[in-house]
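The next block holds one structure in the form of structure tokens; read it before the comments.
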Amino acid sequence: MAGRLLKERGCQFDMAYTSVLKRAIRTLWIVLDELDQMWIPVTASWRLNERIYGDLQGRSKKETEEKYGAWQVHRWRRGYLERPPALDREDERFPSGDPRYKTLKGSQIPTAESLKDTLDRLLPLWHERIAADLRDGKSVFICAHGNTIRALVKHIDGVSDHDIEDVEIPTGRPLIYQLDAYLKPNHNF
């Protein structure tokens, strides 16, 4: 559906960025196939990965709410500064042996992240690569995850720390931005 919506809008891309997680990569393939643009250059970066929920990873929302309370889980999931309990680096869920992170030092892999941490992780890729491509006049497609996109929306739109809690990123619905020379949204688009 996302690929069809982009095709209907006449969207064509010069390059794409995605996370190193397979659900984003597969989604990217589907969309690019629908657009008949599977040939464009793709950069996969861990900086676009979903937020790391620390010790909550792999646990159901219900289980987590029973242990910590619904209000606390909501704060961890929606708040900007709230970071859930850290995952022990010795825990089998910690991805230190995952080949997708082989270029990182163990200390670079977060044990838990707030939305702010996710944005801080994302911004070097934004400033060093994506923004440079946009300034060069390239049309960029980013296929990532709800919290990574929410962090990027916060940055691009200048959403306040408080208001970002209410921003919902719809799954499978493209967000299209036309940015000016300063990489600010053109709201007339």
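Among the residues in the range 33-49, are any at negative phi, touching a Lys or Arg at 6+ places or on another chain (Cβ under 9 Å), modelled with pLDDT of 95 or more and among the small types (G, A, S)?
There is at least one residue in the range 33-49 that is at negative phi, touching a Lys or Arg at 6+ places or on another chain (Cβ under 9 Å), modelled with pLDDT of 95 or more and among the small types (G, A, S).
Hey, any hits in the range 145-157 for a residue that's part of a loop (DSSP other than H, G, I, E, B), at pLDDT 95 or above and assigned by TED's automatic domain parsing to the domain that holds M15? Give the steps one after another, and end with the answer.
Looking only at the range 145-157, we keep the residues that are part of a loop (DSSP other than H, G, I, E, B), and these are 145.
Adding the requirement that they be at pLDDT 95 or above leaves 145.
Narrowing the set further to residues that are assigned by TED's automatic domain parsing to the domain that holds M15 leaves 145.
Within the range 145-157 (the criterion being part of a loop (DSSP other than H, G, I, E, B), at pLDDT 95 or above and assigned by TED's automatic domain parsing to the domain that holds M15), the answer is yes, since at least one residue qualifies.
Within the range 130-189, which residues are under 22 Å from E34 (Cα atoms) and not hydrophobic (A, V, I, L, M, F, W, C)?
K138, S139, H145, G146, P170, T171, G172, R173, P174, Y177, Q178 - these are the residues of the range 130-189 that are under 22 Å from E34 (Cα atoms) and not hydrophobic (A, V, I, L, M, F, W, C).
I need the full set of residues from the range 158-173 which are in a loop (DSSP other than H, G, I, E, B), closer than 13 Å to Y80 by Cα and in contact with a Leu (Cβ under 9 Å, 6 or more places away or on another chain), in order please.
The one that is in a loop (DSSP other than H, G, I, E, B), closer than 13 Å to Y80 by Cα and in contact with a Leu (Cβ under 9 Å, 6 or more places away or on another chain): D161.
Of everything in the range 98-122, what is within 26 Å of I169 (Cα to Cα), in contact (Cβ under 8 Å) with a residue 12 or more places away in the chain and either assigned to a loop (DSSP other than H, G, I, E, B) or of a type in the set (D, E, K, R) (or both)? Give them in sequence order.
Residues satisfying the conditions are R100, I109, P110, T111, A112, E113, S114, K116, D117, R121.
For every residue, the table says whether it meets (1) outside any helix (DSSP H, G or I); (2) modelled with pLDDT of 90 or more; (3) of a type in the set (A, V, I, L, M, F, W, C).
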| residue | (1), (2), (3) |
| --- | --- |
| W76 | no, yes, yes |
| R93 | yes, no, no |
| S96 | no, no, no |
| P124 | no, yes, no |
| E128 | no, yes, no |
| L134 | no, yes, yes |
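Inspect the range 22-39 for any residue being among the β-branched types (V, I, T) and not in a helix (DSSP H, G or I) and give the result as yes or no. Steps first, answer last, please.
Filtering the range 22-39 for residues among the β-branched types (V, I, T) gives 25, 27, 30-31.
Cutting the leftovers down to not in a helix (DSSP H, G or I) gives us none.
No, every residue in the range 22-39 fails to be among the β-branched types (V, I, T) and not in a helix (DSSP H, G or I).
Could you check, for the range 58-75, whether at least one of its residues is out of contact with any Phe, Trp or Tyr (no Cβ under 6 Å at 6 or more places or on another chain), under 21 Å from E165 (Cβ atoms) and in contact (Cβ under 8 Å) with a residue 40 or more places away in the chain? Outline the logic, then answer.
Initial filter on the range 58-75 (out of contact with any Phe, Trp or Tyr (no Cβ under 6 Å at 6 or more places or on another chain)): 58-75.
Okay, now just the ones that are also under 21 Å from E165 (Cβ atoms), so 61, 64-65, 68-75.
With in contact (Cβ under 8 Å) with a residue 40 or more places away in the chain added as a condition, the list becomes none.
The answer is no; no qualifying residue exists.
Restricting to the range 27-72, what's the tally of residues that are polar (S, T, N, Q) and touching a helix residue (DSSP H, G or I) at 6+ places or on another chain (Cβ under 6 Å)?
Taking the range 27-72 and keeping what is polar (S, T, N, Q), we get 27, 37, 43, 45, 49, 57, 60, 64, 72.
With touching a helix residue (DSSP H, G or I) at 6+ places or on another chain (Cβ under 6 Å) added as a condition, the list becomes 45, 64.
Total satisfying the criteria: 2.
The values are calculated or read from the model by the stated rules, or taken from the named source; none is laboratory data. Being a predicted model, the structure only gives us computed values, none of them experimental. Neighbour counts run over all protein chains shown; Cβ positions are idealised from the backbone, glycine included.
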